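The values are calculated or read from the model by the stated rules, or taken from the named source; none is laboratory data. Remember, it's a predicted structure, so these values are computed and weren't measured experimentally. FYI the Cβ positions are ideal-geometry reconstructions off the backbone, even for glycines, and counts take in every protein chain you see.
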Amino acid sequence: MATAELTGKHLVLGMTGGIACYKIAELTRLLTKAGATVQVAMTEAATQFITPVTMQALSGRPVYTSQWDARIPNNMAHIDLSREADAIVIAPASTDFLAKLAHGIADDLLSTLCVARDCPLLVVPAMNRQMWMNPATQRNVAQLRADGIEVLGPDSGAQACGEVGDGRMLEPEATYEAIASFFQPKILAGRRVLLTAGPTFEPLDPVRGITNRSSGKMGFALARAAQQAGADVHLVAGPVALDTPWGVLREDVQTAQQMHDAVMRAVPDYDIFIGVAAVADWRVDQVSDHKIKKTADKALPTFTFVENPDILASVAKLPHPPFCVGFAAESGNLEVHGEEKRVRKSVPLLIGNLGPQTFGLDDNEVILFEAKGATRLPRADKQTLAHALIAEIARRLPDASLIS
Ligand code: CTP
């Protein structure tokens, strides 16, 4: 999650009856932490699972449960609450509530609010697998989609009732990701983006190896931003301790050669390639098949290195290359080395990190190098910067004018 990425967004969070109500406590915390204001409205059934007091404490606002609530001066809670919202999110959305929505039934505050809305509606279903698979539920969900309502999930797995299958609510983090994604402009809709991220690990023997301090944060943030911009995203990741961004296809590799092979296999299907990984330039020629031991005569081990393939340059050299974007971390003189590296790798755009000291940090500052010159972007946290970079890349695509 980027700091404050939902600042200025006002959400009505509608809760209906279901055991998944407990997940909404955490979801509310994630939404408010990201800067959103959250107005909770609960059905009578939802209050059986979690109290309005809990939801009020977490959202920092009084909770509405009845359409006869006298706190709204004009007594029109169903109109007033939805008019202020950038979106209504129904989570958990019960079988019954989906059916009501599909038929335009307005018999309590929350359902009336949905029918009276003039903002987008997102529903996060949560129910037993038989209830989800029931033809009536499936019909209702198809109708909701046809009506332009976003259906997030459901997930699959163990259910509160002890059964296993489709229908359980997305986890709070995944629900948060889907909501955050909803608000991003779809500037890469229909595009396919392949990225590399993180360090590589070049073994010396079965227990030792050479790696670098890349955390993978920038590459993962870019993968998340590309996914949120509507692209299909494939992330080839070196060894990092980061969660896979929601909706991103991740392939884990260790060595530069494995990263190269994974990229070259996938690249024909992609129209944008972003090389963010800090790829090791060299590997040892002969990896020892046993742990290298100290010897009695204290002789130091020696290694012969060979050069690793340059993944970015190999992709850029293809007969029909995707739009290629490189990254560069230099320890000095970025203005000169950045442009020189862009030309050497034959890529239209190279993003220069202002100093390798950004490795592992949450903030970054970059310069964009391209044939027409260099542009500096303001310092920002890596996720905010990732959204800005995705916008810069989208603008530079050869057929960018085809994208709305
Ligand atoms: N890169 C790559 N394969 C390599 C080395 C680098 O794909 N074997 C990519 C990186 O992912 C990055 C860009 O090339 O997008 C620049 O990486 P960098 O390490 O800065 O450049 P090098 O070519 O290794 O140059 P040098 O280390 O000499 O500065």
Please go through segment 128-155 and give me each residue that is surrounded by 15 or more Cβ atoms within 10 Å (Cβ to Cβ), part of a helix (DSSP H, G or I) and among the hydrophobic types (A, V, I, L, M, F, W, C), ordered by number. MET131, TRP132, VAL141, LEU144
Could you say whether any residue in segment 320-333 is away from the ligand (no atom under 11 Å from the Cβ) and under 29 Å from GLU173 (Cα atoms)? no
Residues within segment 290-307 that are in contact (Cβ under 8 Å) with a residue 60 or more places away in the chain and either of a type in the set (D, E, K, R) or within 14 Å of the ligand (Cβ to nearest atom) (or both), tallied: 1
If only one of VAL306, VAL284 is modelled with pLDDT of 95 or more, over 30 Å from ASN364 (Cβ atoms) and surrounded by 10 or more Cβ atoms within 10 Å (Cβ to Cβ), which one is it? VAL284
Scope segment 308-319; condition away from the ligand (no atom under 11 Å from the Cβ) and aliphatic (A, V, I, L, M); matching residues: LEU318
Complete set of residues in segment 45-77 that are polar (S, T, N, Q) and either in contact with a helix residue (DSSP H, G or I) (Cβ under 8 Å, 6 or more places away or on another chain) or surrounded by fewer than 17 Cβ atoms within 10 Å (Cβ to Cβ) (or both): GLN48, THR51, THR54, GLN56, SER59, THR65, SER66, GLN67, ASN74, ASN75
Determine which single condition LEU249 fails, assuming it passes every other condition in (1) without any contact (Cβ under 8 Å) to a residue 40 or more places away in the chain; (2) buried (at least 20 other Cβ atoms within 10 Å of the Cβ); (3) in contact with a His (Cβ under 6 Å, 6 or more places away or on another chain). (2)
Among the residues listed as GLY332, GLY326, GLY352, the single one being assigned to a loop (DSSP other than H, G, I, E, B) and either among the small types (Gly, Ala, Ser) or farther than 17 Å from ALA277 by Cα (or both): GLY332
Residue check, LEU354 against (1) within 10 Å of the ligand (Cβ to nearest atom); (2) surrounded by 14 or more Cβ atoms within 10 Å (Cβ to Cβ), all met but one. Which one? (1)
Looking at segment 189-203, which of its residues are in contact with a strand residue (DSSP E or B) (Cβ under 8 Å, 6 or more places away or on another chain) and not β-branched (Val, Ile, Thr)? ARG191, ARG192, LEU194, LEU195, ALA197, GLY198, PRO199, PHE201, GLU202, PRO203
